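Chemist: One structure, pasted below without further comment.
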Amino acid sequence: MIKAVVFDLDGTLMNTLDDLYAGVNRALEKCGYPAVDKEKVRLSVGNGVAKLVARCMPEGAEADFDRVLQTFNREYALCKDDHTAPYPGAVKAMKNLKAVGIKIAVVSNKTESAVKALCAEKFDGVYDVAVGDDGVRPLKPAPEPIAYALGKLGVDKSEAVYVGDQEVDVLTARNSGLRLLGAGWGFRGAEKLKAAGAEEVCSDFSEIEEKILKNRSFLD
């Protein structure tokens, strides 16, 4: 029986790409480095902000990483709400799942303060716990963030499903012992998810909702 759904954030629940792109390039510009294109940012998201910044910095600038990362954190905090929005159907699906007693967790490699702020603003009343990078727990694909979220919900991993859009999410679900529903609308797309090993990839939130609500014994 499904008692909880764990959602990734960037590229799964929310389209955050434009604001991440802006934050990265504002940081690079302020630190004297060339801008990167949006595709570079899209392909660099998923393993936390430190990896995002490192992947977007030019070769040979590694010694300046801490300054660029700190600048990104400041700049992104200023622009994270400019264009970021839930994907169509996300809030409705979350409401419908909660209406039948399914608990909702959001687990991201994003800085925890940003995760909590975005969830509070965009998903008020439709999620139970939001988990991000607190600087202590390992990041996804390590299982610790998922285990922490499920512990807060009081749900065993055998009673939870994970929804994510990237290769790191395929590994996260596998490492955490959760069944994966791939978010084919996200930053990587259905084909890359399947190539990474996702057995089930959904095209939209209505399909996610249908799979869960019409088959609560999905995990049996």
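The values are calculated or read from the model by the stated rules, or taken from the named source; none is laboratory data. Worth saying up front: this structure is predicted, and the values here are computed from it rather than measured. Methodologically, a virtual Cβ is constructed for each residue, glycine included, from the backbone with ideal geometry; neighbour enumeration extends over all protein chains shown. Areas reflect the complete protein model, heavy atoms only, side chains present, ligands, DNA and RNA absent. Shrake-Rupley method; radii C 1.70, N 1.55, O 1.52, S 1.80 Å.
Chemist: Sequence-distant or interchain residues sharing an amide H contact under 5 Å with ASN15, placed H: which?
Modeler: ALA85, TYR87
Chemist: So, counting K/R as plus one and D/E as minus one, what does the shell of residues with Cβ under 14 Å around ASP133 add up to?
Modeler: On the way: positive: LYS51, LYS110, LYS116, ARG137, LYS140; negative: ASP8, ASP10, GLU112, ASP134, GLU144.
With Lys, Arg at +1 and Asp, Glu at -1, the neighbours total 0.
Chemist: Longest segment of the chain with no GluC sites (Glu not before Pro) in a DSSP loop having at most 16 other Cβ atoms within 10 Å?
Modeler: My reading of the result: 60-198 is the longest stretch.
Chemist: Okay, next question. How large a share of the accessible area of the chain, in percent, is made up of carbon and sulfur atoms when the probe is 1.4 Å and the other protein chains stay in place?
Modeler: 50 percent
Chemist: Across region 141-153, in residue order, what do the Karplus-derived ³J(HN,Hα) couplings come to in whole Hz, using 6.51 cos²θ - 1.76 cosθ + 1.60 with θ = phi - 60° and x for Gly and Pro?
Modeler: With the stated coefficients, region 141-153 comes to x, 4, x, 4, x, 5, 4, 5, 4, 5, x, 5, 7 Hz.
Chemist: Just how far, in whole angstrom, is region 1-27 from region 79-102 if you go by their alpha carbon centroids?
Modeler: 11 Å
Chemist: So what is the accessible area of the chain per residue, in Å², with the probe set to 1.4 Å? Please list the in-between numbers first.
Modeler: On the way: 9690 Å² over 220 residues.
For the chain, the per-residue accessible area is 44 Å².
Chemist: Tilt of helix 90-99 relative to the longest C-alpha principal axis of the chain, in degrees (0 to 90, nearest 10)?
Modeler: Roughly 40 degrees between the two axes.
Chemist: Can you run phi through the Karplus equation (6.51, -1.76, 1.60; θ = phi - 60°) for region 106-121 and list ³J(HN,Hα) in whole Hz, with x for Gly and Pro?
Modeler: With the stated coefficients, region 106-121 comes to 10, 10, 9, 8, 5, 3, 4, 4, 5, 4, 5, 5, 5, 5, 4, 7 Hz.
Chemist: So how much accessible area does SER176 have, in Å² to the nearest 10, using a 1.4 Å probe?
Modeler: Estimated to the nearest 10 Å², SER176 gives 10 Å².
Chemist: Something else about it: Using only Cα atoms and rounding to the nearest 10 degrees, what angle (0 to 90) does helix 167-176 make with the longest principal axis of the chain?
Modeler: 50 degrees
Chemist: Loop only by DSSP, 15 or fewer other Cβ within 10 Å of the Cβ. Give me the chymotrypsin sites (Phe, Trp or Tyr not before Pro) in region 127-220 that pass, ordered by residue number. It would help to have the intermediate numbers written out before the result.
Modeler: Working: sites: TYR127, TYR148, TYR162, TRP185, PHE187, PHE205, PHE218; in loops: TYR127, TRP185, PHE187, PHE218.
For chymotrypsin sites (Phe, Trp or Tyr not before Pro) across region 127-220 that sit outside H, G, I, E and B with at most 15 neighbouring Cβ atoms in 10 Å, the list reads PHE218.
Chemist: Lysine pairs in region 127-220 8 or more apart or on different chains: how many have alpha carbons under 23 angstrom apart?
Modeler: Number of lysine pairs found: 9.
Chemist: Something else: Please list the three semi-axes, largest first and in whole Å, of the ellipsoid equivalent to region 1-118, using sqrt of 5 times the eigenvalues of its alpha carbon gyration tensor.
Modeler: 31, 13, 11
Chemist: Taking springs between alpha-carbon atoms closer than 10 angstrom, which of ALA114, ALA195, ALA130 fluctuates most in the Gaussian network model of the chain?
Modeler: In the Gaussian network model the winner is ALA195.
Chemist: Now for a different question. In a Gaussian network model over the chain where Cα atoms closer than 10 Å are linked, find which of GLY154, GLY32, GLY186 has the largest mean-square fluctuation.
Modeler: Judging by the Gaussian network model, the answer is GLY32.
Chemist: Related question: Can you list the equivalent-ellipsoid semi-axes of region 92-220, largest first and in whole Å, using the square root of 5 times each Cα gyration tensor eigenvalue?
Modeler: 20, 18, 15
Chemist: If you don't mind, another one. Modelling each spin label as a point 7 Å along the Cα-to-Cβ direction, I'd like the ALA99/VAL136 distance in nm, to one decimal.
Modeler: About 3.8 nm, to one decimal.
Chemist: Can you list residues from other chains, or at least 5 along the same chain, whose modelled amide H is less than 5 Å from the amide H of ASP133?
Modeler: So ASP133 has HN proximity to LYS110, THR111, GLU112.
Chemist: Between GLU199 and ASP64, take the C-beta separation as r, use R0 = 41 Å, and let me know the FRET efficiency to the nearest 0.05.
Modeler: 0.45
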